[in-house]
Amino acid sequence: MKITDIRTAVVEANYDWTFTRVYTDEEITGIGESFLAPGLVSIINELKPLLIGEDPRNVDKLWSKMRWAASGAGSMGGIVYNAISGIEAALWDVVGKHYGAPIHDFLGGKYRDRVRVYADCHAGEALEALTPILLERQPKWVEVGAGEPAGDDAGINYPAHGRAHGDPSTEEVFTPEMYADRAREVVSEMGFTALKFDLDVPNPYTQDTHSGTLTYAEVKFMASLVQAVREAVGDTIDLAFDCHWRYNVSDALRLAYELEPYGLMWLEDPVPPENIGAMRRVTQGTKTPIASGENYYLRFGFREILETGALDIIAPDLQKVGGLLEARKIADMADTHYVAVAPHCIASPIGTIASAHVATAIPNYVALEWHGMSVPFWNDMVTGLDGPVIEDGYIKVPQGPGLGVDLNEEVARQYAKEGEPFFGE
Ligand code: MG
């Protein structure tokens, strides 16, 4: 079997869902998804000559070929691995279809028939839709007026995550009641048993969005959001809160300490990701479990974190970390330190189901993220399932060959990003 072509398509959803299709001389094709990044489609196209004519079954060798080809330009990590991750997942889809077995069979088989999913919840009315450089945007499928990006009037084009976000006085204001209402809704109407909310939301107590500091009133406000959610859903629902890398070590610790009574599943990214020693100080200074991982690439990105006990839970994003087999290797490494894995995911059902194949194959699994609540056509993006992708907060891992589902090209074409090729068209 030989690879004959590689083509891409981009769907403008809440994020740019970027798909790679691998074509072969045996009428088998495979589909994979990459995490958004500036210039992503051109990187995928640049990698294509490395793969044409190769046997797609040699996944690890082809992975190495792409990796070392990009090494001079910085293969220690970075966006090139977003591209490689999508291609690698597409290769596994080809391999599975060729042998008539699901992807997880090639990753060690199943620990579980269905994998637990946690819902990423947004308490406000505004849709969070971001460009590849994290600027807020209005996708063309959103009616004007409904779900307008928060802070649209501010005229400040700051990225929505990390430090230095927009002027808090002009943004949507959140209340504990809004958090409680959304939590109740997601649990009772959708059946999820695990939820995640943003904690770093605009509030009246912020003094400075550049400094990484928190005022005491802000810490108390954040604790009131967490308390409201815990009281709304009770102790049988697992809760995580995300800080998007905003705070310094001492304020992250003040916050984590304040949240200890609420028994969180984890507090995510309280400090920026680069300084592992600083992250370890937070993790080891609080009973609140600390999670991070969506910024790191490859086994090597997690090595020091695991060896030094810098995190309680790791959250690699399988559409960028380096591939599905690489994720399996990272999970095994984490397991030697008795650390659990909760894969980050903002993908379409294609990437989400690829992640579910890994999730069932690893022992030390917690839950997989679902970030598609605000996308009305999320479930319609795949063919090959009887019902919705996620039911009652779980994904039944597909048992068909390869990924077990395919991209619904008719629906994908409807939401295709302008100016991007659609699988060569
Ligand atoms: Mg996060």
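For this structure, a couple of remarks:
- Relative contact order computed over the chain (Cα-Cα under 8 Å; 6+ residues apart), in percent: 21 percent
- Mean-square fluctuations from a GNM of the chain, with a 10 angstrom spring cutoff on Cα atoms, peak among G39, G372, G323 at G39.
- Accessible surface, the chain, averaged per residue in Å² (probe 1.4 Å): 39 Å²
- Using alpha-carbon coordinates, inclination of helix 298-307 to the longest axis of the chain, degrees: 40 degrees
- Volume per residue that the Cα convex hull of region 175-302 spans, once the total is divided by residue count, Å³: 110 Å³
- Summed residue charge, Cβ within 13 Å of P176's Cβ, Lys/Arg positive, Asp/Glu negative: +1
- Each other residue within a Cβ distance under 13 Å of L306 adds +1 if Lys or Arg and -1 if Asp or Glu, for a net charge of -1.
- Within region 114-402, percent of DSSP bridges classed antiparallel, to nearest 5: 20 percent
- Calculated over the chain: convex hull of Cα atoms, volume per residue (Å³): 134 Å³
- Accessible surface, 1.4 Å probe, highest first, among residues R67, R114: R114, R67
- Solvent-accessible surface (1.4 angstrom probe) belonging to E274, in square angstrom, nearest 10: 140 Å²
- Seen from M333, the other residues with C-beta closer than 13 Å to its C-beta sum to a net charge of -1, counting Lys and Arg as +1 and Asp and Glu as -1.
- Over the residues of the chain, the helix contribution to mean residue ellipticity at 222 nm works out to -10000 deg cm²/dmol, using -39500 (n - 2.57) for each DSSP H run of at least 4.
- C-alpha long axis of helix 176-190 to longest principal axis of the chain, angle in °: 40 degrees
- Helix 216-233 axis, angle to the chain major axis (alpha carbon atoms, nearest 10°): 70 degrees
- Rounded percent of accessible protein surface that carbon and sulfur make up, region 114-402, 1.4 Å probe: 50 percent
- Signed unit charges on C-beta, dipole axis of the chain, positive-most listed residue L50, Q319, G293: L50
The values are calculated or read from the model by the stated rules, or taken from the named source; none is laboratory data. All values derive from a computational prediction rather than experimental measurement. Please note: Cβ atoms are built from the backbone with ideal geometry, for glycine as well, and neighbour counts cover all protein chains shown. Side chains are part of the model used for accessible areas, which takes the heavy atoms of the whole protein and leaves out ligands, DNA and RNA. Shrake-Rupley method; radii C 1.70, N 1.55, O 1.52, S 1.80 Å.
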